[in-house]
Every structure is written in C-alpha cells, then in structure tokens.
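Encoded as structure tokens, the structure appears first; notes follow it.
The values are calculated or read from the model by the stated rules, or taken from the named source; none is laboratory data. Here the structure is a predicted model, which is why all the values come from computation and not from measurement. Neighbour counts run over all protein chains shown; Cβ positions are idealised from the backbone, glycine included.
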Amino acid sequence: MLPNVRKTATAAIAALSLGLAMPAPAFAWGEKEQNALAAIVAAGVIGTLIMNENKRRQAAPVARAPIQAGPGYYQPRYQERSETRYQDSYGTPRYQPSAPSGIYATPAARAFNSYSPTQRRAIQSRLANAGYYHGGLDGAFGPMTYRAIMAIAGDSTGTAQLDSMGGAHEFYDAILG
C-alpha cells in the first residue's frame with residue numbers, strides 16, 4: 001500500500017510543479033484556469049487509484065468446487081506424487097517420481113481402471129446384485145469398490161488372485177462373464 005501512496009503523491013507533486021512553472025503564477029490565473037488545474041490533478045490521482053485497485057483485484061485467488069462424478073459421489077483426489085532425488089553417473093541431480101500409494105496403486109485398481117466405463121459400471125452392478133457393493137454405479141474405483149472386490153474375492157477364490165494384473169483381469173472377466 002505504501003508504494004501506491006508514494007506513486008500517487010509523486011504524481012500530484014509533479015502535476016503541481018508543472019502548474020507552478022508556468023509563466024504566470026497560479027493566483028494570477030482566473031478561476032476557470034485554477035479549476036482546470038485542480039481537475040487535471042484530481043483525474044491523475046483518481047486514475048492512479050483505479051489502476052492500483054484493478055491490479056490488486058486481478059491477483060485475488062479463485063476458489064474452485066470439487067469435481068462431482070455422480071450423485072453423492074466425489075471423484076477421489078489422488079495424492080500428488082512425491083519425487084525422489086538422485087544423481088546420475090555425471091553427478092547431475094535428477095528427480096524420479098515415486099509410485100502412487102494406497103488402494104489406487106494396487107493391481108486390482110489398475111486392472112479395474114483398464115476396462116471401459118460401461119464395463120466398470122457392470123462390474124459394480126454385479127457386485128451390488130451379489131450384496132457386496134452399496135455405492136453408486138459410477139464406474140469409479142474407490143474405497144467402496146475396493147472393499148466389495150476384496151470381500152467377494154475372499155469369499156470365493158481368495159484375495160491372492162488380485163495381487164497381479166493378470167489375476168485381477170481374470171477375476172473381473174469372471175464377474176463380467
């Protein structure tokens with residue numbers, strides 16, 4: 001705020017000094033000339049204030065609402081991947097992204113997300129018909145889908161099948177089949 005006041009004061013002083021540097025002193029001018037000078041100074045000060053306010057408004061952050069994928073379901077926010085720093089053979093620092101963590105990094109999740117949205121909704125529908133899934137049929141892999149898949153696998157073939165991409169694909173194909 002202080003630099004803005006300084007700029008405004010400097011502009012006002014410069015405008016006044018230009019007016020006083022005229023051949024005739026300001027008090028010798030007529031009333032119309034004095035009012036014109038006052039209007040010019042006021043316009044300069046007001047213009048500076050408006051420009052500073054516009055710059056301040058442009059820098060304001062914008063709030064965004066979460067993305068909603070379906071009724072009552074919010075798209076899961078994936079954790080930002082942290083980076084691991086290492087040096088290559090020349091000693092240059094390099095960054096290697098680490099793998100995502102949690103249920104979204106499991107082979108079951110990756111295999112589920114490799115299917116089309118229609119097939120993913122069909123898997124969720126079959127899980128719901130079997131009584132394992134109680135969420136929305138949105139085709140998104142979340143905690144409810146993960147729990148349902150692990151529960152039905154535990155009750156039928158065992159969860160070891162879901163530890164690999166191939167086993168997870170076989171499992172989903174059996175559900176769709």
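Within the stretch 109-134, residues that are within 14 Å of residue 148 (Cα to Cα) sit with their Cβ atoms under 8 Å from residues that are acidic (Asp, Glu), at 6+ positions apart or across chains, in these pairs: 121/138; 124/138. Among the criteria (1) in a loop (DSSP other than H, G, I, E, B); (2) in contact with a Lys or Arg (Cβ under 8 Å, 6 or more places away or on another chain); (3) modelled with pLDDT of 90 or more, the one residue 100 does not fulfil is (3).
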